[in-house]
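Q: Below are the structure tokens for one structure; questions will follow.
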Amino acid sequence: MTQRRSHQIGTGLFIVLGFAALGYLATQTTSLANYRQGPTYALKARFTNVGQLKLRAPVKIAGVRIGSVSDIQLEPDRLEALVTLAIDKRFNQLPDDSAAAVFTSGLLGDQYVALKPGGSPDLFKDGDEIILTQSSMQLEELIGKYLVGSGDSPAKKPEQAPSPNPEPETR
């Protein structure tokens, strides 16, 4: 009887440790544990398409996380997505002509907002809007363009159109 009970306790402990390991891996791979949330300032950006961008998605410069997406709303009057970015105050030296784009990590990964700093001497302030934006590129659209094609093939030569003033035939 004691051997059976020890097997039950060992099995239960093994299962609990397995769930703890899965929970640890889940937090490490979703970047929840990799980013400390300190004081931030807000920047806004408008996109015609944000794809599958989610709240708390990373905001990166040169591949380094500097903030996160704090809000995504559809503006009914302009029919555009207004994305609010929470940028860490340590990175308050962003030029006001910087550009924002929605990219995908890898081929089928999560989406994030990438910022490309500009060269202006003026800097963004809390609540400013990023004017230069590039919307998300949809995989379905790219596949559709590739399959359907643009109509012109480099191997084919375009047919010559008849001239508007044909020369009269001489007999």
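The values are calculated or read from the model by the stated rules, or taken from the named source; none is laboratory data. What you see is a predicted model, and the numbers here were worked out from it, not measured in a lab. Every residue, glycine among them, receives a Cβ derived from its backbone with ideal geometry; neighbour counts consider all protein chains shown.
Q: What pairs come out if I take residues in the stretch 75-95 that are on the phi > 0 side of the Ramachandran plot and at pLDDT 90 or above and pair them with residues that are among the polar types (S, T, N, Q) and not in a strand (DSSP E or B) whose C-beta lies under 9 Å away, six or more apart or interchain?
A: Leu79/Thr48
Q: Are any residues in the stretch 42-68 under 23 Å from Leu142 (Cβ atoms) and hydrophobic (A, V, I, L, M, F, W, C), and if so, which ones?
A: Ala45, Phe47, Val50, Leu53, Ala57
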